[in-house]
Amino acid sequence: LLDSGCVCCQIRGELKQAILDLLTKRHLKEIPQFERIVIETTGLSDPLQIYSTLIMDPVLRNKISLNNVTTIVDCLNSMSLHSKQPEWAAQVAAANLIILSKTDLVTKNQQLEVEKWVSELNPIAQIAIAGEKLDWTDRKKNLNHLINIASSDYNAHGGATTIALKIDFQVDWTAFVVWLSALIHRYGDKILRVKCLLNTIENGALLIDGVGHTLHQPQHLEAWPDSDPRSRIVFIARGLDLRLVEASFRVFVERLAGSEIGNLE
């Protein structure tokens, strides 16, 4: 329990020290051995700041790895809360796993409406119902959601917008890194989530995942995960026209790859 009483954007140093203290006490056998740390935040916490602390801190990133980001969505109140609390969309966008709660207090149609709404905002997250048995170690499920994603136009939900693209050509990794780095540098405060499965010319299959300005190290996959060789790119943003993001991709990455403009679904 942190002294300030919550995990929010103001106490990054305190969160870091609390984790390091746990690791030190484990090493000294002052507390029982453990394999996982579960961080429970307040309902108003900013996931970007916590995510950045865990991923980018030079000390923490060599001692721990982020396995899962879980968000609870209240089926009874979520449809009204999202417009009152801007953190709502950011928390849903950052999640790998979304758990629907209070399903017993709404009709089945209301539950399905919330589920559809949430899945359109964050199409790359696994969605489960509170009380269901979950396999927290099955990372393949998250990859399957990205593999099976359908191309979508500009969808607006919960104060945020989402776009999903499938790319017909092999991506030039250098061109893509330059484009994505410039985009995040300029608009990172407006990008809630980016996730990409890339079929690159130089490095084969790569998985990229990030929140705001913070990106995981690209993950190299041993082989392309399915029979469809097209790359998948998903952006979730707030206050940013994702149609312009798509247009910039066409102009910069696609032209440098030597492909004809118009190959994006």
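Quick one: how many Å² of LYS16 are accessible to a 1.4 Å probe, rounded to 10?
50
Looking at this model, which pairs from LYS102/LYS190; LYS108/LYS133; LYS16/LYS102; LYS116/LYS166; LYS16/LYS63 are more than 23 angstrom apart at the alpha-carbon?
Pairs exceeding the cut-off: LYS102/LYS190; LYS16/LYS102.
Given the whole protein assembly as supplied and a 1.4 Å probe, what does the accessible area of PHE169 come to in Å², nearest 10?
My reading of the accessible area for PHE169 is about 20 Å².
Solvent-accessible area of ASP172, probe 1.4 Å, all protein chains present, reported in Å² to the nearest ten, please.
Approximately 40 Å² for this residue.
Which order do LEU197, LEU28, LEU207 take by accessible area at a 1.4 Å probe, largest first?
Details: LEU197 0, LEU28 100, LEU207 25 Å².
Largest to smallest exposure gives the sequence LEU28, LEU207, LEU197.
So how long is each side of the range 53-131 along the principal axes, counting just the alpha-carbon atoms, biggest first, in Å?
Answer, in whole Å and largest first: 47, 27, 19 Å.
Can you give me the C-alpha center-to-center distance between the range 35-103 and the range 203-226, rounded to a whole angstrom?
Distance between centres, Cα-based: 20 Å.
Semi-axes of the range 153-228's equivalent ellipsoid from the Cα gyration tensor, sqrt of 5 times each eigenvalue, largest first, rounded to whole Å?
The three semi-axes for the range 153-228 are 23, 15, 12 Å.
The values are calculated or read from the model by the stated rules, or taken from the named source; none is laboratory data. These numbers come from a predicted model, not from an experiment. The protein model used for the area step is the full one, side chains on, heavy atoms only, and it has no ligands, DNA or RNA in it. Shrake-Rupley method; radii C 1.70, N 1.55, O 1.52, S 1.80 Å.
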